[in-house]
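Each remark here refers to the structure printed beneath this line.
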Amino acid sequence: MRVVVLYDPGADDWSAADIAGVMKAVDDLGVIFGAMGHQVQRVPVKHDMRWLQTCRRADLVFNLCEGVHGVSQWEEHVVGTLEFAGIPHTGSGLWTVAACRRKAIANAILEKADLPIPLWILAHGKIADDFPLPAIIKPAAEDASAGLDRQSVVADRKMLRTRIAAMTEQFDEVLVQQYVPGREFNVGFVGSRTLPIAEIDFTGMPEGTWPILTYAAKWHVGSAEDLGSRPVCPAQISERLAIRLARTAEAAWRVMQGKGYGRVDLRVDDAGRPWVLEVNPNPDLTDEAGLSRMAQAAGWEYPELVRRIAEVALRDAQGAKAARELLAPPRRSRSARTV
Ligand SMILES: Nc1ncnc2c1ncn2[C@@H]1O[C@H](COP(=O)(O)OP(=O)(O)O)[C@@H](O)[C@H]1O
Ligand SMILES: [Mg+2]
């Protein structure tokens, strides 16, 4: 089988570490599919569309693009192109990726479907005086905690105005949302399977900082916010809460028509009620990221997670036969070639 691993080669402002991070994920997949006896091609996505010709010849495209040229909005264009060309690919479809990247759109759809979404508003003009505080101010169409730092949560009106003004200078659309105090959880999916729930333990956060996943917490390894936000999987929670979280996350995933693999971020308030913060189609899939940790808790080593994501994509696109071929143990002649 021919497998293409599709990735974003990055932009001029990417550091060597940024590029190395992407290439590590790409190479890990290359090794995993190579060991299964498949031909692997690593293909960078550029606007020249040459990548599409290579993808057309593939049996499966493993899509690692979170954008093109570092621009997150192009992520959905890559997915849409694969979908339109009828090329089997991992992860969610165009509609899901596009809708979920716009937090206001996703929130509106989820709310309409009766899912619990903390009160929110787009920061056009003046925010009503009775908008509940504290509130968090986040970019409305970014992910990976872009634009989130220790000043993102505000507890008074003056700070709210100042922060909105600063954020609207940087981002086209800014969302203000009621801050939900309480524990934070992630629910992951692979195909129709819900993985063991993870919790972000914020007990180590520096004094006087809000317990949220800031950009530094996610990306600056060793920073106070990284060290203060420790993922725990499986989460130490009651069966009852686990079921409640899973049901809420599954409903959100269904409403957003998620496919392949994904992750829903939630918080639980003092009354034990879950609130959906975000639905993430095609979340970070590197071995160090949340989904891999959840898969580990389910007893899957990283190659098994990757294989299952591929299997789900192939089953969807071509039915069980192609998926069985992927699952088959490597043939001797083929594996000899890849060693
Ligand atoms: N309404 C909220 N209440 C409390 N914390 C929030 C809220 N919204 C976001 N956060 C915090 O900010 C982090 C990032 O927000 P999220 O909406 O998941 O965006 P991103 O796409 O950047 O991951 C969350 O993991 C959580 O810690
Ligand atoms: Mg998130």
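Values in this text are rule-based calculations from the coordinates and carry no lab data. Keep in mind that this is a model prediction, so the values were computed, not measured. Neighbour counts are summed over all protein chains in view; Cβ atoms, including those assigned to glycine, are modelled from backbone coordinates with ideal geometry.
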Under the 7 Å Cα-to-Cβ spin-label approximation, Gln39 and Leu119 lie apart by a distance in nanometres of 6.0 nm
About its Cα centre, the stretch 183-297 carries a charge dipole, from +1 on Lys and Arg Cβ atoms and -1 on Asp and Glu Cβ atoms, whose size in debye to the nearest 20 is 560 debye
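Give me the extension gain from Glu239 to Lys158: residue separation times 0.36 nm, minus the current Cα-Cα distance, reported in nm with one decimal.
Numbers: separation 81, 0.36 × 81 = 29.16 nm, distance 4.20 nm.
Extending this stretch completely gives an extra 25.0 nm.
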Once both label points are put 7 Å beyond Cα along the C-beta direction, the Glu169-Met23 separation in nm becomes 3.6 nm
Given 266-273, 234-241, 181-188, the highest-first ranking by average Cβ count within 10 Å works out to 181-188, 266-273, 234-241
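Per the helix-only calculation at 222 nm, which mean residue ellipticity applies to the chain, given -39500 (n - 2.57) for every DSSP H run of n ≥ 4 and division by its residues, nearest 500 deg cm²/dmol?
Numbers: 13 runs with 135 residues, N = 339.
Helix contribution divided over all residues of the chain: -12000 deg cm²/dmol.
Set the Förster radius R0 to 22 Å, insert the Cβ-Cβ distance between Val31 and Ile105 as r into 1/(1 + (r/R0)^6), and round the FRET efficiency to 0.05. Spell out each step's value before the answer.
Working: r = 37 Å, r/R0 = 1.70.
The formula returns an efficiency of 0.05 here.
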Counting sequence-distant residues (5 or more places) and residues on other chains, those with an amide H built under 5 Å from that of Lys259 are Ser92, Gly93
Along the stretch 200-213, Karplus-curve 3J(HN,Hα) (6.51, -1.76, 1.60; θ = phi - 60°) to the nearest Hz, with x for Gly and Pro, reads 9, 8, 9, 4, x, 5, x, 3, x, 10, 6, x, 9, 7
Sequence order, the stretch 128-135: Karplus ³J(HN,Hα) from phi using 6.51 cos²θ - 1.76 cosθ + 1.60, θ = phi - 60°, Hz rounded, Gly and Pro as x, gives 3, 5, 9, 4, x, 10, x, 10
Here, Asp316 and Gln151, labelled 7 Å along Cα→Cβ, have an inter-label distance in nm of 4.0 nm
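Using the count of nearby Cβ atoms within 10 Å as a rough guide to exposure, how do Ile137, Ile212 rank from fewest to most?
Neighbour counts put them in this order, fewest first: Ile212, Ile137.
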Note on the stretch 117-157: C-alpha Rg/Rh, Kirkwood Rh, two decimals, gives 0.94
Close lysine pairs (the chain; alpha-carbon distance under 30 Å; 8 or more apart or on separate chains) counted at 26
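Please give the length that would be gained between Gln53 and Glu250 if that part of the chain were fully extended, namely 0.36 nm times their separation in residues minus their C-alpha to C-alpha distance (nm, one decimal).
Values: separation 197, 0.36 × 197 = 70.92 nm, distance 3.58 nm.
Roughly 67.3 nm would be gained on extension.
Restricting the count to DSSP beta bridges whose residues both fall in the chain, what percent are antiparallel, rounded to a multiple of 5? Don't jump to the answer; show the numbers that get you there.
Numbers: 34 of 45 bridges.
Looking only at bridges with both residues in the chain, the antiparallel portion is about 75 percent.
Just want the ordering: Tyr179, Tyr261, from fewest to most Cβ atoms lying within 10 Å of their own Cβ.
With the fewest neighbours first, Tyr179, Tyr261 line up as Tyr179, Tyr261.
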Whole-number value, in Å³ per residue, for the convex hull of the alpha carbons of the chain is 146 Å³
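Using alpha-carbon pairs under 8 Å, 6+ residues apart, how would you state the relative contact order of the stretch 117-178 in percent? Write out the running numbers ahead of the final one.
On the way: 85 pairs, mean separation 32.6, N = 62.
So the answer I get is 53 percent.
Rounded to a whole number of µm²/s, how large is the Stokes-Einstein D of the stretch 183-297 at 10 °C and 1.306 mPa s, given Rh as the Kirkwood radius over C-alpha pairs?
Numbers: Rh = 14.4 Å.
Reported coefficient: 110 µm²/s.
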